[in-house]
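Here, each number is a calculation from the coordinates, and none is a lab measurement. Because the structure is a prediction, the values reported are computed rather than measured. Counting neighbours? That spans all protein chains shown, and the Cβs are built from the backbone with ideal geometry, glycine included.
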């Protein structure tokens, strides 16, 4: 571990789940644009994302678009609008399109009553042509789970569940308002495996209040006892200016950049020593898992082996990616419901129309985030001409400017070294034209630190 590097690269940079990133989306793209884009889709397979923006308690660290509720009425009202949006999108597409991947996120999708779990799954299956081998992944809060919900998810066809853990240390859990025991987590995993759900992912977070290298090591040792198929390791993004409930966290209890970096390295080494394969920046998979065996890409859910290039988002705040560009639904649930129930029928309020340069830069950034490689040959094959020349020049600048051994030259461009892997986001930022323009204009979109 190099503490100087951790300090040097601990500047805010995007997570690059998209390019351009969401702060650059514009209200010039609206529901009318979205409807037109949907009608222009070809026969390529689709990936579906469904957002359930409710939890029964609010975790103070959370940066997702969600709200806490103890009553089911708001969830039921939202469900009716969500089903309406599914029907409206399917109608706008015009024919039953093939679906290769489905992901439900939140919030906590298992806040849904079992009947609504099945109702939503059946509506999606009726509206689209699900491939026989389609992956169906759902994010699960182990604290709110019963046999009826497990059975409903299994009946709906779920193939993978993602269990949120974050950390098992009690003082950390108290500081983030998320009390969840190892036993609860083990019980949830056992129930789903017993119900026939074949793949389990566990999400961990470092950089939380009161975390230390020893505490994260203890947590990962407990997680490895459960033998999940995948592990995702995220750095906590403390953005209290933008996420108001994060102000409930005492900043004095947060680890500094060097400690965060040490925690990340400690956990990653434990996972690798247990035989997992590292995928991109922050995911790990068993060698036999699809994420370790197949080409991956990065999207709003992290790393995925899904090969669909079109992502359709449903629900409040959901983001979609179409060949023409990005679209995002309105974030407030009440406004989302009103928009879907109105004459417009769709809830998109902003987005981004992609240029050829945007697509080329996205191609480069995705290659770096997933494979740690800049390949000039691949860029030329996809885009060629002046765009390839510009990106080659920028790649040369990255190589020439590197004094820390983060990259190494290859006959075809450069490769990010293992030393450079933790700082891949900072390297990607060198190809982000919008980040440069925002900085030059004195604007500073808020991103999480780069380590």
Task: residue 28 paired with residue 182, simple spin-label distance in nm, labels 7 Å along Cα-to-beta-carbon - done: 5.4
Open item on the list: Can you tell me the convex hull volume per residue for region 289-397, based on C-alpha atoms, in Å³ to the nearest whole number?
Closed with: 126
TODO: Name all residues of region 221-257 having a backbone nitrogen under 15 Å from the label point set 7 Å from the Cα of residue 331 along its Cα→Cβ direction, giving them as ranges.
DONE: 238-247
Task: Euclidean distance of C-alpha centroids, region 324-372 and region 276-309, integer Å - done: 22
- [ ] May I ask you to compute the full-extension gain from residue 433 to residue 397, defined as 0.36 nm times their residue separation minus their alpha-carbon distance, rounded to one decimal in nm?
- [x] 11.5 nm
TODO: With r as the distance between the Cβ atoms of residue 412 and residue 42 and R0 = 25 Å, compute the FRET efficiency 1/(1 + (r/R0)^6) and round to 0.05.
DONE: 0.20
TODO: Calculate the all-directions average of the projected area of region 356-440's alpha-carbon convex hull, and give it in nm².
DONE: 5.4
Task: Antiparallel %, DSSP beta bridges [both residues in the chain], to 5 - done: 45
- [ ] State, to one decimal in nm, how far the label point of residue 11 lies from the label point of residue 144, with both points 7 Å from Cα in the Cβ direction.
- [x] 4.1
Open item on the list: On alpha carbon coordinates alone, what is the Rg over Rh value for region 174-265, Rh being the Kirkwood radius?
Closed with: 1.02
Task: Expected 222 nm ellipticity per residue - DSSP helices of 4 or more, -39500 (n - 2.57), all of the chain, to 500 - done: -12000 deg cm²/dmol
TODO: Whole Å is fine, so just give me how far the alpha carbon centre of region 210-264 lies from that of region 51-130.
DONE: 28
